[in-house]
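In what follows, a single structure is set out as structure tokens and then discussed.
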Amino acid sequence: MSEDNDDTPTLSAETLAILQGFLNEKKEREEVDVATSADTFGEDWQLSQFWYDDQTADTLVEEILEITGGVGNIACVSTPSIFRALKKRDLPAALRVYLFEYDNRFQIYKDQFIFYDFNKPTTVPDELKHNINMILFDPPFLSLDCITKYAITTKTLAQSPSTPVLIITGRTQEPHIARLLPDMHVTQFEPRHEGTITNLFYCWINYDSKRLGILKLDDANK
């Protein structure tokens with residue numbers, strides 16, 4: 001029997017275009033649903049979570065886009081409000097953003113969510129080790145142990161010693177940061193939270209920034 005006749009059904013170019021359009025719309029609706037769900041997440045104080053206000057998050061998103069040029073892998077480590085602000089933008093396809101977070105509610109972001117426990121600072125996906133182009137982190141606790149482990153994670157993820165790093169944490173962590181990550185400098189930018197935080201928070205970076213500036217702590221104490 002001849003098998004030359006192929007009875008496999010084929011779709012016309014017009015039908016394929018309609019199908020692709022439907023799939024694209026479905027994906028966009030799913031992304032909107034995820035973003036809407038994440039926006040309803042409240043702070044989990046048991047995890048020492050405190051969301052940044054919109055102005056702080058938007059400023060840091062602009063900083064990320066400028067410093068990276070919209071290209072590369074970004075690690076938001078324990079900074080879910082920055083990650084959410086990034087997800088609301090129409091990001092370049094070449095910019096890949098990952099949330100390293102202990103809070104499993106953010107699993108809705110699927111492969112962009114990476115469960116992170118700072119007590120296991122080197123437990124990160126092998127494919128991301130020394131493959132991150134910018135790192136942001138905000139340790140949940142103001143302790144030497146906590147900041148030390150975040151520093152280890154930073155060195156595990158950074159593509160090179162000059163990889164841009166941005167830290168937001170309490171003023172009291174300055175001596176620890178100076179010892180653990182000596183290239184970091186405190187900026188003029190004042191991060192703010194949605195709720196009332198009594199601790200004074202600063203932002204540190206290890207690169208030049210026109211937007212954030214550099215602040216001498218001696219001047220800040222005057």
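The values are calculated or read from the model by the stated rules, or taken from the named source; none is laboratory data. This one's a predicted model, so the numbers in the text were calculated from it and none came from an experiment. With ideal geometry, Cβ positions are generated from the backbone for all residues, glycine too; neighbour counts draw on all protein chains shown. All accessible areas refer to the heavy atoms of the entire protein, side chains included, with ligands and DNA or RNA removed. Shrake-Rupley method; radii C 1.70, N 1.55, O 1.52, S 1.80 Å.
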Quick check on my filter: what residues within segment 68-80 are open to solvent by less than 60 Å² (accessible area, probe 1.4 Å) and either farther than 24 Å from ALA151 by Cβ or touching a Cys at 6+ places or on another chain (Cβ under 6 Å) (or both)?
GLY69, GLY70
Here is a list: TYR102, TYR150, TYR98. Which entry is touching a helix residue (DSSP H, G or I) at 6+ places or on another chain (Cβ under 9 Å), open to solvent by less than 30 Å² (accessible area, probe 1.4 Å) and of a type in the set (Phe, Trp, Tyr)?
TYR150
For segment 105-127 the number of residues that are under 22 Å from ILE168 (Cα atoms) and open to solvent by less than 40 Å² (accessible area, probe 1.4 Å) is 8
Could you list all residues from segment 81-90 that are open to solvent by 40 Å² or more (accessible area, probe 1.4 Å) and either touching a residue at least 12 places away in the same chain (Cβ under 8 Å) or within 13 Å of the chain's Cα centre (by Cα) (or both)?
LYS87, LYS88, ARG89
